[in-house]
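Data first, discussion second: the structure below is written as structure tokens.
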Amino acid sequence: MNENLFASFITPMILGLPLVTLIVIFPSLLFPTSNRLISNRLISLQQWVLQLVSKQMMGIHNTKGQTWTLMLMSLILFIGSTNLLGLLPHSFTPTTQLSMNLGMAIPLWAGAVITGFRNKTKASLAHFLPQGTPTPLIPMLVIIETISLFIQPIALAVRLTANITAGHLLIHLIGGATLALMSISTTMAFITFIILVLLTVLEFAVAMIQAYVFTLLVSLYLHDNT
């Protein structure tokens with residue numbers, strides 16, 4: 001194959017203009033709202049899933065934390081639909097771009113931390129110095145806790161980027177191997193094709209799980225600061 005291995009991760013362009021904005025907006029069209037008294041089956045299923053996820057994710061929060069419910073549910077829908085659409089042939093997955101994932105992780109993390117310093121100042125500052133710390137270790141522990149705090153959004157973004165990118169690369173490599181083996185050994189090509197199908201099913205699960213994990217970690221950061 002003459003195509004570059006990382007060609008699917010290059011931002012698509014038309015007439016020199018990036019299409020990322022249109023691609024990011026497109027998933028929102030998949031979740032229509034209904035003004036009717038009785039919704040259809042698709043919207044009813046969508047509402048049931050959202051209620052189930054919101055109960056599991058937001059049940060641990062107090063009243064202040066539950067004000068983030070709409071934002072977090074929109075986040076999990078966006079990441080999940082974007083990941084799933086990226087599995088379509090000749091498509092582009094924005095969540096494979098570290099810059100975009102950082103753009104989602106940093107504001108949400110910063111909002112949770114600022115909320116904590118605003119509403120629970122003493123408790124937030126207490127996280128930097130565990131109780132009973134020996135005096136000589138205080139400067140070192142403060143530095144370590146500060147670094148761990150600022151690493152949280154980076155870990156969020158890198159985890160999502162690495163998981164989605166690794167899955168796409170594996171599908172690309174195994175798909176190329178299947179095409180190459182078709183002219184060499186039909187049996188090996190069939191076995192490789194079965195592995196490719198199983199990997200694709202796994203990637204569908206990974207796409208949804210990573211959306212849930214990303215949103216759940218943001219929710220836990222918020223819970224620690226409200």
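Here is how the numbers come out for the structure above:
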read-out: Scan of the stretch 105-120 for residues that are within 24 Å of I209 (Cα to Cα) and either free of Cβ contacts under 8 Å to residues at least 24 places away in the same chain or open to solvent by less than 40 Å² (accessible area, probe 1.4 Å) (or both), ordered by number; value: A105, P107, L108, W109, A110, G111, A112
read-out: Test result for G175, on the phi > 0 side of the Ramachandran plot and open to solvent by less than 90 Å² (accessible area, probe 1.4 Å); value: no
read-out: Within the stretch 192-210, tally of residues that are of a type in the set (G, A, S), open to solvent by 30 Å² or more (accessible area, probe 1.4 Å) and in contact with a helix residue (DSSP H, G or I) (Cβ under 8 Å, 6 or more places away or on another chain); value: 0
read-out: Which listed residue, of V218, V213, is within 28 Å of M58 (Cβ to Cβ), open to solvent by less than 30 Å² (accessible area, probe 1.4 Å) and part of a helix (DSSP H, G or I); value: V218
read-out: Counted residues, the stretch 159-187 - those being in a helix (DSSP H, G or I), free of Cβ contacts under 8 Å to residues at least 24 places away in the same chain and among the β-branched types (V, I, T); value: 3
read-out: Some residue of the stretch 121-144 being under 30 Å from F204 (Cα atoms), open to solvent by less than 60 Å² (accessible area, probe 1.4 Å), in contact with a helix residue (DSSP H, G or I) (Cβ under 7 Å, 6 or more places away or on another chain) and in contact (Cβ under 8 Å) with a residue 60 or more places away in the chain; value: no
read-out: Those helices (runs of 4 or more DSSP H) lying entirely in the stretch 1-99 with at least 1 residues at pLDDT below 80, open to solvent by less than 40 Å² (accessible area, probe 1.4 Å) and among the hydroxyl-bearing types (S, T, Y); value: none
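For (1) touching a Pro at 6+ places or on another chain (Cβ under 9 Å); (2) charged (D, E, K, R); (3) at pLDDT 85 or above; (4) assigned to a helix (DSSP H, G or I), each residue gets a yes or a no:
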{"site": "L108", "(1), (2), (3), (4)": "yes, no, yes, yes"}
{"site": "L125", "(1), (2), (3), (4)": "no, no, no, yes"}
{"site": "F128", "(1), (2), (3), (4)": "no, no, no, no"}
{"site": "I138", "(1), (2), (3), (4)": "no, no, no, yes"}
{"site": "L141", "(1), (2), (3), (4)": "yes, no, no, yes"}
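The values are calculated or read from the model by the stated rules, or taken from the named source; none is laboratory data. Given the structure is predicted, the values throughout are model-derived calculations rather than measurements. Don't worry about glycine lacking a Cβ; one is built from the backbone with ideal geometry, like all the others, and counts go over all protein chains shown. Just the protein is used for accessible areas: all its heavy atoms, side chains included, with ligands, DNA and RNA removed. Shrake-Rupley method; radii C 1.70, N 1.55, O 1.52, S 1.80 Å.
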